[in-house]
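The values are calculated or read from the model by the stated rules, or taken from the named source; none is laboratory data. Just so you know, these numbers come straight off a predicted model, no measurement behind them. Glycine also receives a Cβ, built like all others from the backbone with ideal geometry; neighbour counts cover every protein chain displayed. Just so you know, the surface numbers come from the protein's heavy atoms only, side chains and all, with ligands and any DNA or RNA stripped out. Shrake-Rupley method; radii C 1.70, N 1.55, O 1.52, S 1.80 Å.
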Amino acid sequence: ERLSVSLHRLQFLYNMHIAMCDENEVLRLNMLNSPLPNLEKLCLRGKLDEGTLESSLFQTGDQKLRALYLIWSQLKEDPLPCISRLHNLTQLNLTRTCNGDKLIFRSGWFPNLKFLLVRDLPNLLQLVIQEGAMESIQTLQLAHLNKLKDVPLGIELLTSLQRLSFLHVTEDFLMLLNQCSRIQHIRWWYSTRNQPLSRKCKSLKKEVSFTFFMLV
């Protein structure tokens, strides 16, 4: 409650990072009843109460938010319908954000998003990208998605995509990648659980070295 009261006074705040000491400690921001109009970068590291994404912190209005990092949120609800209203987002990090088995990026969502990291979602079985979603995306990183059953549906629709990364995949999932015709026209990299991050770029058919810029 005291944190929420203090935040109301910081109307010129543009960068906020709130981290809990433990990933199971609950970060309660539901008492915020007015948005922070100049906030451009927000990182919340901690378990979120259900309904937090409906709070004023995530309301649109004159929202300037460009970068959003939701880490350890462990939400039961799908976070995408709420945060998709943040049309100015250019960076999005979803790490242990939700416990659902499916994520759908719907048409018209995240029109200015350029960097997306989806990481460590323990129950995620399927990721779907509809035509018209993330039309400006340049970098997509998928990491530690141990239950993902297939290459994301609709990934071939991301015509602006320049870098596609699959990190710490199983050998079985690597076989799926090698057989997937939907990504053969895209420049993509991978690492397995027992291999370093310097791997093959499939579109060039040769060994390359590269550096990952993780959104953390």
Item to complete: Give the residues of segment 58-83 that are aliphatic (A, V, I, L, M), modelled with pLDDT under 95 and under 13 Å from the mean Cα position of the chain (by Cα), sorted by residue number.
Response: I83
Practice prompt. Could you give me the residue pairs with C-beta distances under 9 Å whose first residue belongs to segment 21-40 and is farther than 17 Å from K64 by Cα, whose second residue is small (G, A, S) and open to solvent by 80 Å² or more (accessible area, probe 1.4 Å) wherever it lies, and which are 6+ apart or on separate chains?
Written response: none
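Looking at the structure I just gave you, is L117 modelled with pLDDT of 90 or more and assigned to a strand (DSSP E or B)? Can you show your working first?
Numbers: modelled with pLDDT of 90 or more: yes; assigned to a strand (DSSP E or B): yes.
Judged against the criteria, L117 is a match.
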Worksheet entry | Residue among E54, E131, E77 that alone is in contact (Cβ under 8 Å) with a residue 12 or more places away in the chain, over 24 Å from S4 (Cα atoms) and touching a helix residue (DSSP H, G or I) at 6+ places or on another chain (Cβ under 8 Å) | E131
Response to the item:
In segment 95-118, anything polar (S, T, N, Q) and open to solvent by 30 Å² or more (accessible area, probe 1.4 Å) is listed as N99, S107, N112
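I need the full set of residues from segment 181-197 which are surrounded by fewer than 17 Cβ atoms within 10 Å (Cβ to Cβ) and farther than 18 Å from S136 by Cα, in order please. Show your work before the answer.
Step one: of segment 181-197, the residues surrounded by fewer than 17 Cβ atoms within 10 Å (Cβ to Cβ) are 181-182, 184-185, 187, 192-197.
Passing the criteria: S181, R182, Q184, T192, R193, N194, Q195, P196, L197.
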Worksheet entry | Within segment 133-170, tally of residues that are open to solvent by 20 Å² or more (accessible area, probe 1.4 Å), within 23 Å of P111 (Cα to Cα) and not in a loop (DSSP other than H, G, I, E, B) | 5
Worksheet entry | Meets criteria (of a type in the set (S, T, Y), modelled with pLDDT under 95 and either open to solvent by 10 Å² or more (accessible area, probe 1.4 Å) or within 20 Å of E25 (Cα to Cα) (or both)) for S55 | yes
Worksheet entry | Search result, residues across segment 1-24 that are surrounded by 12 or more Cβ atoms within 10 Å (Cβ to Cβ) and closer than 16 Å to T95 by Cα | I18, A19, M20, E23
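Out of all the residues in segment 84-98, is one or more touching an Asp or Glu at 6+ places or on another chain (Cβ under 6 Å), modelled with pLDDT of 95 or more and under 22 Å from N24 (Cα atoms)? Spell out the reasoning first.
Restricting attention to segment 84-98, the residues satisfying the condition of being touching an Asp or Glu at 6+ places or on another chain (Cβ under 6 Å) are 95-96.
Those still in the list that are modelled with pLDDT of 95 or more too: 95-96.
Filter again for under 22 Å from N24 (Cα atoms), leaving 95-96.
Scanning segment 84-98 turns up at least one residue that is touching an Asp or Glu at 6+ places or on another chain (Cβ under 6 Å), modelled with pLDDT of 95 or more and under 22 Å from N24 (Cα atoms).
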Worksheet item: How about segment 1-108: which strands (runs of 3 or more DSSP E) wholly inside it have at least 1 residues that are within 25 Å of G132 (Cβ to Cβ)?
Response: 67-71, 91-95, 102-105
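So which residues in segment 25-52 are at positive phi and crowded, with 16+ Cβ neighbours inside 10 Å? Reasoning before the result, please.
First pass over segment 25-52, keeping only residues at positive phi: 46, 51.
Selection gives G46 alone.
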